[in-house]
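Data first, discussion second: the structure below is written as structure tokens.
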Amino acid sequence: MPIEKNKVVTIEYTLRDPETKEIIDQSPEGKPLMFITGAGNIIPGLEKAIMEMDCGESKEILVKAEEAYGLKNEDAYQTVAKSDLQHIPDLKEGMVLYGQNAQGQQVQVVVSKIDDQNVTLDFNHPLAGKDLLFEVKVCDVRDATEEELAHGHVHAGEHDCGCGSDCGCKH
Ligand SMILES: [Zn+2]
């Protein structure tokens, strides 16, 4: 029976590069991922495929880049003077740098190209433009509570939801 909208789904997953089979990410042992269906918590292609699954089922799901983190946006490159980055030791192509954007959120940028004068930074998501192979097990499906639906996230687990209200949710 397909999973409907507004359910809290618990999954264990392993994410691999479809070509090299190298593990990119996985749910930590004993800490499965929980999300609300229809709330945009996870990438659309994965959610769509999981909603076709049954509780307890395991499946391999190939998600195309377009339905994962999107294609690379050519406007998301920025060129800066090499001298602006001289505080970073061993700067090289492919290196991942961390900074903050204007909203104070942490952003990851990849050093895309270095020439004599300039450095080109790639602000795309590191997985943009990539097809992703997931191995997913659906561990649990339950109804989302009204509060969860109002916040748009699951109230369980251990990380701080950051919703800033006194909802008392510790997750
Ligand atoms: Zn909350």
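Read the figures in this text as sums done on the coordinates, not as results from a lab. In this text, all values refer to a predicted model and were calculated from it rather than measured experimentally. Note that each Cβ is placed from the backbone with ideal geometry, even for glycine, and that neighbours are counted across all protein chains shown.
If R0 is 30 Å, what FRET efficiency do you get for residue 29 and residue 106 from their C-beta distance, rounded to 0.05?
Details: r = 25 Å, r/R0 = 0.84.
Efficiency, from the Cβ-Cβ distance: 0.75.
Which net charge results when you count Lys and Arg as +1 and Asp and Glu as -1 among the other residues whose beta-carbon is under 12 Å from that of residue 26? Taking every Cβ under 12 Å from that of residue 26, the sum is -2. Pairs with C-alpha atoms separated by more than 24 Å, drawn from the list 21/48; 31/92; 5/72; 31/64; 7/72, are 31/92; 5/72; 31/64; 7/72.
Could you order the peptides 75-82, 144-151 from most to least packed, using the average number of other C-beta atoms within 10 Å per residue?
Numbers: 75-82: 11.9, 144-151: 15.9.
Packing proxy ranking, top to bottom: 144-151, 75-82.
For segment 39-83, list residues with backbone N below 18 Å from a point placed 7 Å from the Cα of residue 114 toward its Cβ? Correct set: 78-83. If you take the beta carbon distance between residue 147 and residue 5 as r and set R0 to 22 Å, what does 1/(1 + (r/R0)^6) give as a FRET efficiency, to the nearest 0.05? My answer for the efficiency is 0.85.
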